[in-house]
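Taking it in order: structure first as structure tokens, then the write-up.
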Amino acid sequence: GGAGSGPGGGKSQLKRKDALSFSKAKELSRRQRLPSVENRPKISAFLPARQLWKWSGNPTQRRGMKGKARKLFYKAIVRGKETLRVGDCAVFLSAGRPNLPYIGRIESMWESWGSNMVVKVKWFYHPEETKLGKRQSDGK
């Protein structure tokens, strides 16, 4: 498959449905506002610690354009024995299509001003998402 700027415009926040069903977690955390989860990433209330990604290494800080806040860029994230680095390809699970996950190459990772982990991804397409792939699968 070729590379493209496919789903999500090339950026993927780890708490969005691209990675897991995080949008529901966000809604729940807004409604509940439990004191025990106030100072932690909202998704941590719904996932065991071993499933949470953590930053690895020292960040570099870049000035934002047009008065935007500065971002802390990282080169890697870690979860247990797994490490993902900028340049690696990864599978992003989707609650909407569990049998057809998103696949992409990590271009950059940073922490937003709200302490969210953000990933910019160059997306790859599944054959069935292309004209040629649809023709072959339709038997044309």
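Here are the numbers:
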{"read-out": "Selection count where residues are under 18 Å from S56 (Cβ atoms) and either surrounded by 18 or more Cβ atoms within 10 Å (Cβ to Cβ) or touching a His at 6+ places or on another chain (Cβ under 9 Å) (or both), scope segment 91-112", "value": "3"}
{"read-out": "Every residue from segment 104-140 that is modelled with pLDDT under 90 and of a type in the set (D, E, K, R)", "value": "E128, E129, K131, K134, R135, D138, K140"}
{"read-out": "Some residue of segment 91-99 being aliphatic (A, V, I, L, M) and touching a residue at least 24 places away in the same chain (Cβ under 8 Å)", "value": "yes"}
{"read-out": "All strands (runs of 3 or more DSSP E) inside segment 70-109 with 3 or more residues being within 13 Å of the chain's Cα centre (by Cα) and closer than 25 Å to P127 by Cα", "value": "89-92"}
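The values are calculated or read from the model by the stated rules, or taken from the named source; none is laboratory data. Only a predicted model underlies this, so the values are computations on that prediction, with no experimental measurement involved. Glycine also receives a Cβ, built like all others from the backbone with ideal geometry; neighbour counts cover every protein chain displayed.
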